[in-house]
Structure formats: structure tokens, C-alpha cells
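Data first, discussion second: the structure below is written as C-alpha cells.
The values are calculated or read from the model by the stated rules, or taken from the named source; none is laboratory data. Here the structure is a predicted model, which is why all the values come from computation and not from measurement. Positions of Cβ are generated from backbone atoms using ideal geometry, with glycine treated the same way; all protein chains shown enter the neighbour counts. With ligands, DNA and RNA removed, areas are computed over all heavy atoms of the protein, side chains included. Shrake-Rupley method; radii C 1.70, N 1.55, O 1.52, S 1.80 Å.
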Amino acid sequence: MLQRERVAENVYSFQSDVYAQVNAGAIVGPNWAIVIDTLALPEETLEIRQFIDQELQVPVRYVINTHYHADHTWGNYLFPNATILSSTLCRELMDSRGRASLEKAKNQGTTFRQGRIILPHLTFSEGSLNLRIGKKTLTMVPLPGHSPDNIGVIIEEDRVLFAGDVFMPIPYIVDGNADEMVLSLKQIGRMGLENVVQGHGDIVLRGEVEISIKENLAYLSAIRRAVRKAGRRKYPWDLLEEIGVEECGKSRVLIGGLAEELHSRNLYALYEQLFGEPPASSDDEE
Ligand SMILES: [Zn+2]
């Protein structure tokens, strides 16, 4: 069910086949392993655990959550012996919003019936945090924009970044902030990376990192222009719903065809962020 890739020596990424091409990762040392994010469905997270248990034959000592969203954290409970790490804000948001949405999900079906929110045990609120595993050094750094709590994990020796959702095939700012995302993407551009494992979608290779960042920045500028223009209309949503994702420079097939939907939500959210109210539509008044 998962696509597994070896990103560097002892570094793996796992991509979901069933939910929005979401990615998780693992870094394996001589005696134990670190998992970066869990996946959307319990079975998928169990598949990662099984691979590390049975094929690599080491226990998982740490799980790092890049941010609090369900598809990155709800599998924490499947690593009962691990210490969970995240930003301090991630812990707070999991405790409030994460718990509430898990309760909701439990009422809607059986998938998450066994699920429990396991809050991170060790958090940091400023600067960065280093973790050594074997001969590798991991650096956790804040990279907000997709969500306020997002962190990235740099594997220093390999120049690999697990970016969380601040880096996606199409930027997604509904729970975040476009200005912060611009700063985070520029920061990533200066890191000198071999690979970026995005929160969703395929791995970005060295030759593609710069152009991907440029394209994401161009997309953010395009939606900002669209929203400003719409702001001069009586019914801004009438204009915004006509502005497709392709018009803003991104293909509609990205993330398994979810791009158009994410784009539409971006426009709505950015309008609210810039003007402090939802974009009015002529449909509302019929
Ligand atoms: Zn997310």
C-alpha cells in the first residue's frame, strides 16, 4: 500500500497510495530508528512500523511530528515506546484542535475507532533542536506558513530536508499564512539541499529544488494578485471562483488531482486573511 523510497543511506521515505500522497520518513541508526510523521490511516503507519521492526530490526526510539495535522500525527499511538518530539505550538494545537477533530472522526466511521491523540513529550519553542543518530545529525527548525507550528528536519550530512507541509507540489495556506510561507521557502532555498521530502507528493531532487521554490513563490504571488483584484468587487467570490489553478501556474493533476480543490480553498482563505471577512458571493443573496 505504501511507496517506499531510499532517500540516502539509512534514510527512507514512505508515501501513501490512498490519501493525498502524504509522506512520512525514517532515519535508521545502528541500534534504533527515528520516524518522521505518521500517515493518514492506522494501517499505513503500521506498515512503516513493520518495515522498521522486521526488515531493519531496530526499535523506533523517536517520532518527530512536523505539524499537528491529522495525516501527520494520528499514528503516534502506534509507537508506544517512542518519545514524540515537535514544536511546542504543535503540542498545543494537537491538544486542542487535534483532539476535537479526532472525536469528530470517530463519530463518522470506524477507521479511527482505536485512535488516540498522543501528545509530544519533548518540544522546543524557539531556535532549533539537534538530535544525533549513528553518524548523522538531525536539525529541527521552524518553517511556518502551511501551519504556524510546522517544523522541518534537516539531515545535515546528507543535505536532506523533511519539510513537512510548508513544501508541497501546490502551496496550501488555509491553516497558515502566505507571508510566512514565502520566508520559509526562501530559507529552504538557502539550505543547499540534495533532496526535499515534501509533506505531500514526490521527492524533489537537487536539480529541481530551486525551480520548485520559484514556482511555489510565483503561485503565492498569483493568488495574492487575484485576491487583491477580487477585493475591489462587490462580489469577490464571483471572480475568485473563476480563477482556476492553471491560471495561477500550477497543474490541476498535482497531488492526485486535489490541486483544484486546494487552490479554491487557498483563494477563500487568503481573502479572509487579507480582508478579515469571507468573500461575498452573489449566490448568497439569492
Ligand atoms: Zn498539513
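Close amide-amide hydrogen proximity is noted between V63 and V35, T83, I84, L85, each under 5 Å apart and 5 or more residues distant or on a separate chain (H modeled in the peptide plane; Pro and chain starts excluded). Segment R252..D284, full-extension length gain: 8.8 nm, with 0.36 nm per residue of separation and the alpha-carbon distance subtracted. Helix content alone sets the calculated 222 nm mean residue ellipticity of the chain: runs of n ≥ 4 DSSP H residues at -39500 (n - 2.57) each, divided across all residues, give -9500 deg cm²/dmol.
A simple rule links phi to the HN-Hα coupling: the Karplus curve 6.51 cos²θ - 1.76 cosθ + 1.60 with θ = phi - 60°, which for region 134-141 gives x, 9, 9, 10, 9, 10, 9, 10 Hz, with x for Gly and Pro.
Using a Gaussian network model on the chain with a 10 Å cutoff between Cα atoms, which of N76, N130, N216 fluctuates the most? Highest fluctuation of the listed residues: N130.
The 3J(HN,Hα) values that the Karplus relation (6.51, -1.76, 1.60; θ = phi - 60°) gives for region 89-98 are, in residue order, 5, 4, 4, 4, 5, 5, 5, 8, 5, x Hz. Gly and Pro appear as x. Of the whole protein surface, I133 contributes about 0 Å² of accessible area at a 1.4 Å probe radius. Using R0 = 22 Å, the C-beta based FRET efficiency linking V18 and Q114 works out to 0.80.
The three principal axes of the C-alpha atoms in region 24-152 carry coordinate ranges of 45, 36, 21 Å, sorted with the longest axis first. Taking 7 Å steps out from each Cα toward its Cβ at Q54 and R159 produces label points 3.7 nm apart. Considering only alpha-carbon pairs that sit under 8 angstrom and 6 or more positions apart, the relative contact order computed for region 1-153 is 18 percent. A Cβ-based charge dipole, computed about the Cα centre of the chain with Lys and Arg at +1 and Asp and Glu at -1, lands at about 700 debye. One chain, two ends: N81 and L217. Fully extended at 0.36 nm per residue, the span grows by 45.0 nm beyond their Cα-Cα distance. Among beta bridges from DSSP that stay inside region 81-211, the antiparallel ones total about 70%.
E156 sits among other residues whose Cβ lies under 11 Å from its own Cβ, and their net charge, with Lys and Arg +1 and Asp and Glu -1, is +2. Give me the net charge of C248's neighbourhood, meaning all other residues with Cβ under 15 Å from the Cβ of C248; Lys, Arg count +1, Asp, Glu -1. Cβ neighbours under 15 Å give a net charge of +1. A straight chain from L46 to D95 at 0.36 nm per residue would run longer than the Cα-Cα distance by 15.3 nm. Computed with a 1.4 Å probe over protein heavy atoms only, the accessible surface of region 60-112 comes to 44 Å² per residue. Taking every protein chain into account, the 1.4 Å probe leaves W32 with about 40 Å² of accessible area, to the nearest ten. Dipole size of region 159-208 about its Cα centre, with +1 on Lys/Arg Cβ and -1 on Asp/Glu Cβ: approximately 260 debye, rounded to the nearest 20.
Remark: relative contact order (the chain) = 13 percent; criterion is Cα-Cα distance under 8 angstrom and separation of 6 or more residues. I want the local charge near E92. Using Cβ-Cβ distances under 12 Å, sum +1 for each Lys or Arg and -1 for each Asp or Glu among the other residues. Once positives and negatives cancel, what remains is +1. Counting only Cβ charges, +1 for Lys and Arg and -1 for Asp and Glu, the dipole size of region 1-69 around its Cα centre is about 200 debye. Surface composition of region 133-213: carbon plus sulfur atoms hold 52% of the accessible area, using a 1.4 angstrom probe and ignoring ligands, DNA and RNA. Of interest is the spacing of the C-alpha centroids, which for region 9-82 and region 118-162 amounts to 15 Å. Angle between the Cα long axis of helix 206-230 and the longest principal axis of the chain, 0 to 90 degrees, nearest 10? Helix 206-230 sits roughly 30 degrees off the main axis of the chain. Taking 18 Å as the cut-off, the amide N atoms of region 249-282 that come nearer than this to a point 7 Å along the Cα-to-beta-carbon line of D179 belong to 269-277.
Comparing N150, L138, G176 along the charge dipole axis of region 89-190, the residue lying farthest to the positive side is L138, per the Cβ-charge model.
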